[in-house]
Every structure is written in structure tokens, then in C-alpha cells.
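J.: One structure is given below, represented as C-alpha cells, and several questions about it will come after.
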Amino acid sequence: MIVEEGKVKIKLDKDVFYNPRMRSCRDLDVLVWRVLDNKREFLDALAGTGVRGIRAKVEGGYEVVYFNDRNPKAVELIKENLKLNGIEAEVFNKDANILMRERKFWHIDLDPFGSPAEFMDSASFSVKKYLSVTATDTAAFCGSATESGLRKYFVFAEMTDIYPEIGLRALIGYVARELAKYEKGIEVLVCWAKEHYYRIHLKVRKSLRASKDTVKKLGYMLYCPNCLNRDFVGVGDCIERCECGEKFKIYGPIWLGDVKDEEVVKKMLEYAEGKAEKFVRAIAEELNTPLAYNIHALSKKLKINPPKMEKVITALRENGFTASKVHYSGTVLKTNAKIVDLVSLLNS
């Protein structure tokens with residue numbers, strides 16, 4: 001069976017993994033790849049059918065693309081798909097960790113079935129410039145599988161009303177910590193939480209200063225289960241109690257820095273069409289702050305009917321605050337307003 005995806009054709013095999021649900025993710029990836037500079041080489045480290053790497057070459061414009069999969073059947077299928085699309089490329093049949101220890105790559109893409117944890121140390125050692133990572137074990141990051149989050153990522157999280165935000169930032173924070181071991185720092189180019197997965201695209205800088213600057217952007221979310229207040233502190237800082245008197249729950253470590261590069265997202269919009277354009281525009285309009293509130297959850301706590309998001313955002317802006325919708329939920333907004341300010345507006 002042959003499927004068409006983007007501008008490429010991919011032959012499928014029942015013994016080689018291919019996820020049609022991730023096509024929209026790969027469509028978004030193409031937009032990212034098209035706007036990056038210095039597209040020297042790309043490693044599809046867990047290639048499967050090779051669809052991601054082939055699209056990186058054909059649509060993303062990479063000069064050289066490498067493919068790897070430890071499944072011999074996948075390697076043969078990748079070679080067939082390369083011929084099908086008129087591409088010549090080197091295909092490895094190795095454990096991805098071994099390959100990434102043997103040599104270094106300009107851009108590494110990790111799209112595992114589940115957790116990226118087993119590959120992150122080797123990828124952090126190997127990557128030179130860009131790193132793209134998918135995580136489909138969202139439960140470990142968002143808090144519905146707290147023990148798993150601690151074991152795999154040393155992140156403590158519980159389910160909150162803004163769990164996609166925390167999960168995405170927990171993944172970025174985890175990857176940042178892995179890279180810091182090799183004196184590498186990051187800039188987040190773009191990232192998103194969608195359906196069953198998180199996806200992050202990072203620019204990597206190799207220097208002690210870059211790694212130190214990155215670590216300074218890690219911290220914790222303080223969350224009050226009583227009044228739904230939340231705040232953020234850096235590593236080493238702490239506020240024990242909420243203003244309501246309840247003890248804060250402390251979640252993290254998570255990434256407190258920006259979650260997008262404004263210029264990268266702006267360029268992505270120039271190429272985006274249809275559903276992808278709508279999704280990227282939502283990312284473009286979203287504030288970079290980690291301070292987010294679920295208006296439905298807060299309204300329930302206040303025992304009021306939830307107002308329309310547009311009305312709340314307008315009211316916040318009219319009162320001198322910044323405010324925006326988010327790309328991952330229709331009931332969550334971001335703002336620099338504190339809980340007391342938001343409650344006052346909702347009750348007015």
C-alpha cells in the first residue's frame with residue numbers, strides 16, 4: 001500500500017510502524033524546517049517508514065538526510081521509499097543510542113513510540129545545532145502518572161486545570177537538563193501540545209555560558225488546590241503558603257522561559273495553509289508566559305457560569321493586563337494578571 005503525504009509517497013508495511021494520526025504533526029514540522037537556517041544535515045533517528053526524514057529532504061530542504069532504524073524490515077522499506085521519491089541517502093540499521101554516540105549530527109529528530117527518555121542522553125551528546133523531540137507519554141508529564149514522571153524524567157506533577165501547559169514545559173525542562181550535562185543551552189523555536197503528544201523544536205548552543213543561562217530558566221509552579229492560585233519560582237526559591245493560607249503544591253522542575261521564537265512562528269505563517277495555518281496562528285497569538293488559568297475550572301470554584309473567553313480577555317486588556325488564548329484548549333487563557341485580579345473581573 002502506498003500513501004501520499006505532503007509532496008512525498010510512502011510505501012507501508014504491516015511490520016513497520018507508521019502513524020497516520022501524526023500526519024498533522026509532520027505537516028507542522030515541515031513548516032518549521034522550511035524556515036530554519038543552515039539546513040546541513042538531518043538525522044531521522046527512529047525512522048520507521050522514513051516518512052519524516054523524506055519530507056525533511058523533499059519539503060524541508062535539507063542538504064543531507066540520514067535514516068536509522070534497528071528493525072531490518074524498516075531499513076529495507078526506507079530504501080524502497082527513498083527510491084520511490086528519487087532520493088539517495090545513507091540508511092543505518094543500528095540502535096539509535098549507539099549511532100548517536102559514534103558520531104555527531106547537525107539536526108537530530110527523535111520521534112519515539114512513547115517516551116524519548118532512553119534516547120535523550122545520547123542525543124544530547126550528539127546534537128550540534130537543532131533538536132526536535134516528540135513525547136507521546138503525556139501522562140508522565142502532565143501529572144496523571146506521577147510516579148512515571150518521577151522515574152523517567154525526575155519531574156513531579158499532578159493533574160491541574162492547565163496540565164497541557166505544565167506537561168509541555170516539563171518536557172522542555174527535562175531536555176534542557178539533559179543538554180546542560182554537555183554544556184549545551186537551548187532556545188525554544190516552537191512547540192505545541194496536541195491530541196496525544198507534545199512536540200518541541202529547539203536550537204542548541206554549545207557553550208558553558210549557554211548552558212548556565214538555560215538552567216536559570218528552570219523552576220517550579222506553585223499551585224494552590226484551595227483557591228486555584230498559581231505562581232512560579234526559580235530553582236532555590238520558595239513561597240511556602242498561598243495568600244489564602246493553604247500550602248502550595250510544588251510542581252517541576254519545568255521550563256519557565258519563552259516557548260516560541262516570534263520570528264520563527266511569523267515565518268511559519270507565511271507557508272501555512274488550512275488547518276495548519278489556523279493552528280500556527282493560535283501559537284503566534286499566544287503569550288509566552290507560563291501563567292495560565294482555566295476559566296471553566298475557576299468559574300466552577302466561584303460557583304458562577306463561565307463567561308465567554310473573548311469577554312474575559314477583553315476585560316483583562318481594558319484593565320491594563322496582557323491576555324491571550326492558548327493553542328491547546330478553548331477554556332484556558334494566559335495573562336500577567338494575578339488570581340485576585342482575575343477573580344475580581346469574573347465576579348464583576
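J.: Go ahead and estimate [θ] at 222 nm for the chain from helices alone: -39,500 (n - 2.57) per DSSP H run with n ≥ 4, summed, over the residue count, rounded to 500. Numbers along the way, then the final one.
T.: On the way: 14 runs with 139 residues, N = 348.
After summing the helix terms and dividing by residue count, I get -11500 deg cm²/dmol.
J.: Suppose every K and R has +1 on its Cβ and every D and E has -1 on its Cβ; what is the size of the dipole of the range 46-142 about the Cα centre, in Debye to the nearest 20? Mind showing how you got there, number by number?
T.: Working: 13 positive and 14 negative charges, 42 e Å.
In total the dipole reaches around 200 debye.
J.: How would Ile2, Ile186 line up by accessible area, probe 1.4 Å, largest first? Mind showing how you got there, number by number?
T.: Working: Ile2 100, Ile186 10 Å².
Solvent-accessible surface, decreasing: Ile2, Ile186.
J.: Same structure again: Which whole number in µm²/s is D for the range 1-145 by Stokes-Einstein, with the Kirkwood Rh taken over Cα pairs at 10 °C and 1.306 mPa s? Write out the running numbers ahead of the final one.
T.: On the way: Rh = 15.3 Å.
Answer from the Stokes-Einstein relation: 104 µm²/s.
J.: Can I ask one more? So, by mean Cβ neighbours within 10 angstrom, what's the order for 325-334, 47-56 with the highest one leading? Could you put the intermediate results ahead of the total?
T.: On the way: 325-334: 19.7, 47-56: 27.2.
Averaged packing, sorted descending, gives the order 47-56, 325-334.
J.: Please state the relative contact order of the range 175-237 as a whole percent: Cα pairs under 8 Å, 6+ residues apart?
T.: Numbers: 90 pairs, mean separation 17.8, N = 63.
Computed over the range 175-237, the figure is 28 percent.
J.: Calculate what fraction, in whole %, of the accessible area of the chain sits on carbon and sulfur atoms when a 1.4 Å probe is rolled over the protein chains. The partial results should precede the final answer.
T.: Numbers: 7800 of 15880 Å².
Answer for the chain is 49 percent, counting heavy atoms of protein chains only.
J.: Also, I was wondering about something else. With P(r) over Cα pairs in 20 Å bins from 0, in percent in mind, check (1) 30, 59, 11, 0; (2) 30, 55, 15, 0; (3) 32, 56, 12, 0 and report the label derived from this structure.
T.: (2)
J.: How high is the FRET efficiency from Lys301 to Glu240, r the C-beta distance, R0 25 Å, rounded to 0.05? Before the final figure, lay out the partial values.
T.: Details: r = 22 Å, r/R0 = 0.88.
That gives a FRET efficiency of 0.70.
J.: Taking 25 Å as R0, compute the FRET efficiency from the Cβ-Cβ separation of Lys73 and Glu118 and round it to 0.05.
T.: Working: r = 21 Å, r/R0 = 0.85.
Calculated transfer efficiency: 0.75.
J.: Sticking with the crude label model, points 7 Å out along Cα→Cβ, report the distance from Ile250 to Asp213 in nm, one decimal please.
T.: Once both label points are built, they end up 2.8 nm from each other.
J.: Also, I was wondering about something else. Treat every Asp and Glu Cβ in the chain as -1 and every Lys and Arg Cβ as +1, leave all other atoms uncharged, and give the resulting dipole magnitude about the Cα centre to the nearest 20 debye. Let's see the in-between values first.
T.: Details: 57 positive and 49 negative charges, 34 e Å.
About 160 debye.
J.: Here is a follow-up. Would you mind putting 74-86, 10-22 in packing order, based on average other-beta-carbon counts within 10 Å, highest first? Could you put the intermediate results ahead of the total?
T.: Values: 74-86: 18.1, 10-22: 15.4.
So the order, starting with the most tightly packed, is 74-86, 10-22.
J.: Measure out, as a whole number of angstrom, how far apart the alpha-carbon centroids of the range 90-106 and the range 180-214 sit.
T.: Using only Cα atoms to place each centre, the spacing works out to 21 Å.
J.: I want the local charge near Ala292. Using Cβ-Cβ distances under 15 Å, sum +1 for each Lys or Arg and -1 for each Asp or Glu among the other residues. Please list the in-between numbers first.
T.: Numbers: positive: Arg169, Arg230, Lys260, Lys325, Lys334, Lys338; negative: Asp161, Glu165, Asp231, Asp258, Glu285, Glu286, Asp341.
That sum, taken over residues with Cβ under 15 Å, equals -1.
J.: Follow-up question, since we're still on this one. Probe radius 1.4 Å, ligands and nucleic acids left out: which of Lys216, Lys104, Lys303 has the largest accessible area, and how do the rest follow? Each step should come with its number before you reach the end.
T.: On the way: Lys216 160, Lys104 100, Lys303 185 Å².
Solvent-accessible surface, decreasing: Lys303, Lys216, Lys104.
J.: Let me ask you something else. Full-extension gain between Lys311 and Glu158, please, as 0.36 nm times their residue separation minus the C-alpha to C-alpha distance. Could the numbers behind the result be given before it?
T.: On the way: separation 153, 0.36 × 153 = 55.08 nm, distance 2.98 nm.
My answer for the length gained is 52.1 nm.
J.: Compute the length gained on full extension between Arg151 and Lys278: take 0.36 nm times their separation in residues and subtract their Cα-Cα distance, giving the result in nm to one decimal.
T.: Details: separation 127, 0.36 × 127 = 45.72 nm, distance 3.65 nm.
Taking Arg151 through Lys278 to full extension adds about 42.1 nm, to one decimal.
J.: What does the extension gain come out to for Glu285 and Lys14, with contour length at 0.36 nm per residue minus their alpha carbon separation? Please list the in-between numbers first.
T.: Values: separation 271, 0.36 × 271 = 97.56 nm, distance 4.07 nm.
Once the chain is fully extended between Glu285 and Lys14, it gains 93.5 nm.
J.: Arranged from highest to lowest average of other beta-carbon atoms within 10 Å per residue, in what order do the peptides 172-178, 282-288 appear?
T.: Details: 172-178: 24.3, 282-288: 16.7.
Result, highest mean first: 172-178, 282-288.
The values are calculated or read from the model by the stated rules, or taken from the named source; none is laboratory data. Only a predicted model underlies this, so the values are computations on that prediction, with no experimental measurement involved. Heads up, the Cβs are rebuilt from the backbone with ideal geometry, glycines too, and the neighbour counts pull from every protein chain shown. All accessible areas refer to the heavy atoms of the entire protein, side chains included, with ligands and DNA or RNA removed. Shrake-Rupley method; radii C 1.70, N 1.55, O 1.52, S 1.80 Å.
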